[in-house]
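The values are calculated or read from the model by the stated rules, or taken from the named source; none is laboratory data. Just so it is clear, the structure is predicted and the values come from calculations on it, not from any experiment. All Cβ positions, even for glycine, are placed from backbone atoms using ideal geometry, and neighbour counts span all protein chains on display. Ligands, DNA and RNA are stripped out before the accessible areas are found, and what is left, the full protein with its side chains, is counted by its heavy atoms. Shrake-Rupley method; radii C 1.70, N 1.55, O 1.52, S 1.80 Å.
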Amino acid sequence: MSVRAMLRLSLLCHLVVGSSHGASVAQAQREGSPPWERKGRETGLPVPRFVSLKADNARMRIGPAFEYAIQWLYRAPGLPLEIIEEYGNWRQVRDCDGISGWMHRSLLSGARTAVVGPWRNSMASLSERPRKDGREKAKLEPRVRVQILSCSLAWCYVGAENGSVRGFVEKSALWGVYPHETIN
């Protein structure tokens, strides 16, 4: 297949996927449920939802099949990703930088992780207690990856440094958990 034909096929795939995603959101809104309560067509799980990268080497592709070109290679197991669509064994995912593409489901894990917001200009506090005036245990730089152990509406209890350091971080400082989401 020529490069030009592959580009046309890729564009067509993006148009089809984009319109089907928009249709699903519109359908959820017509049915009276918020878009974040939409269910994936393959798993029945909420879409969008956060997962993490399971594999040491994970290829993000431009479309939902092994025949599609590799868009990005991730070498960061535990990296949080947001599933935004499902198609067969493929999941359209987005990373914290907004890069999106397709990954095979075998590369993903339900284990919850997060990163300190890359948008932050300062470090996030890791505190002993879920309070702004709690004793600070550490400072976490933007993009530092943490394991989510639990979350309330305002705070997440996380593990850093492979779980050896644990504490509370304000949820608003993290990418990998939704503002309305609680995790037990």
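How many of the residues making up region 117-154 are touching a Cys at 6+ places or on another chain (Cβ under 8 Å) and over 18 Å from Ile183 (Cβ atoms)?
Residues in region 117-154 being touching a Cys at 6+ places or on another chain (Cβ under 8 Å) and over 18 Å from Ile183 (Cβ atoms): 2 in total.
Which fully enclosed strands (runs of 3 or more DSSP E) of region 45-115 have 1 or more residues being open to solvent by less than 30 Å² (accessible area, probe 1.4 Å), of a type in the set (Ser, Thr, Tyr) and in contact with a strand residue (DSSP E or B) (Cβ under 9 Å, 6 or more places away or on another chain)? Show your work before the answer.
Numbers: elements: 49-53, 58-61, 70-74, 80-87, 90-94, 100-104.
Once the strands (runs of 3 or more DSSP E) in region 45-115 are filtered for at least 1 residues that are open to solvent by less than 30 Å² (accessible area, probe 1.4 Å), of a type in the set (Ser, Thr, Tyr) and in contact with a strand residue (DSSP E or B) (Cβ under 9 Å, 6 or more places away or on another chain), what remains is 49-53, 70-74.
Can you tell me which residue in region 148-176 is nearest to Leu81 (Cα to Cα), limited to those that are open to solvent by less than 10 Å² (accessible area, probe 1.4 Å) and β-branched (Val, Ile, Thr)?
Val158
Among (1) open to solvent by less than 60 Å² (accessible area, probe 1.4 Å); (2) under 14 Å from Ser52 (Cα atoms), where does Arg145 come up short?
(1)
Among the residues of region 116-142, write down those that are over 21 Å from the mean Cα position of the chain (by Cα) and open to solvent by less than 50 Å² (accessible area, probe 1.4 Å).
Ser125, Leu126, Ser127, Gly134, Ala138
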